[in-house]
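Just below is one structure, and these are the notes that go with it.
No value in this document is a laboratory result; all are computed from the given coordinates. Computed from a predicted structure; not experimentally measured. Positions of Cβ are generated from backbone atoms using ideal geometry, with glycine treated the same way; all protein chains shown enter the neighbour counts.
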Amino acid sequence: MSMKAPGDDPQVGGSGGAISRWLYSNKNLAGCGLALAAPVLAVAGLVAPPVALALLPVLYAAGALAAPGNPQVDLVSGLDPGDVKRSLKTIRSKVEGRVNRSVSERVNQICTLVEELLPRVREFGSGSREMHILVRTATDYLPATLEPYLALPRFYAEHKAVSQGQTATQILCDQLDIMIDRLEQIGEALARSDSDKLLANGRFLADKFGHEGIDLPAAPPAPGDRGDLPADGSDKPQ
């Protein structure tokens, strides 16, 4: 039986999830608590039962509006970028001098891509799949991929065929290439977004300024031009 992460369950975030979140939210609990004052007032004889019944929705609404909302928790977007950078630094230090060039180059490429994309990944929206992949690559996928490989003796990893004629190093490089390809896709998506914004701005400028020429007023004649000379043509005042 396969297990699904919360983010992979199509029901999470749906109508059922929204109802559950509201039932246990601070606003609902506060509204229900304040609404209970209506029957208490009726039992105490302070208000008539019909009045207490009419007060129920009013008191509930007042309590719900006054209560603070639940904090929005996003396990991915709420992660401190410093945690991602520290994870990448740890990964680089673990592979330094312990793997051959083909592995170290790929690991450094993945780390560099994550570092370059991290400041902009929120453009996809909080909790987006792209943000999830970026963060998990640095803090989970890449470390988990490297851990069993680094446990192998280097000579064994580089020279002993372990599956279909491939060495552990070749298998690891294939797995790292998958991560690189996915991160590059995220980078390309951001680049396309930038290109679209540039084109849209060009259309905006063309619409605002148009292509017609601008008629400028004629410049006044400079002192000493022929138009300033006396009528007799002399250039000295008489």
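Some points to look at:
- Efficiency of FRET between I180 and E158 - r from beta-carbon atoms, R0 25 angstrom, step 0.05: 0.80
- Applied to segment 168-180, the Karplus parametrisation 6.51 cos²θ - 1.76 cosθ + 1.60 on θ = phi - 60° returns per-residue 3J(HN,Hα) values of 4, 5, 5, 5, 4, 4, 4, 5, 5, 5, 4, 5, 4 Hz, with x for Gly and Pro.
- Pair-distance profile P(r), taking every C-alpha pair of segment 81-207, with 5 angstrom steps and integer %: 2, 10, 19, 19, 15, 11, 9, 6, 4, 2, 2, 1, 0, 0
- The simple spin-label model puts a point 7 Å past each Cα toward its Cβ; for L65 and E115 those points are separated by 5.2 nm.
- Virtual spin-label span in nm between V40 and D207, 7 Å along Cα→Cβ: 5.8 nm
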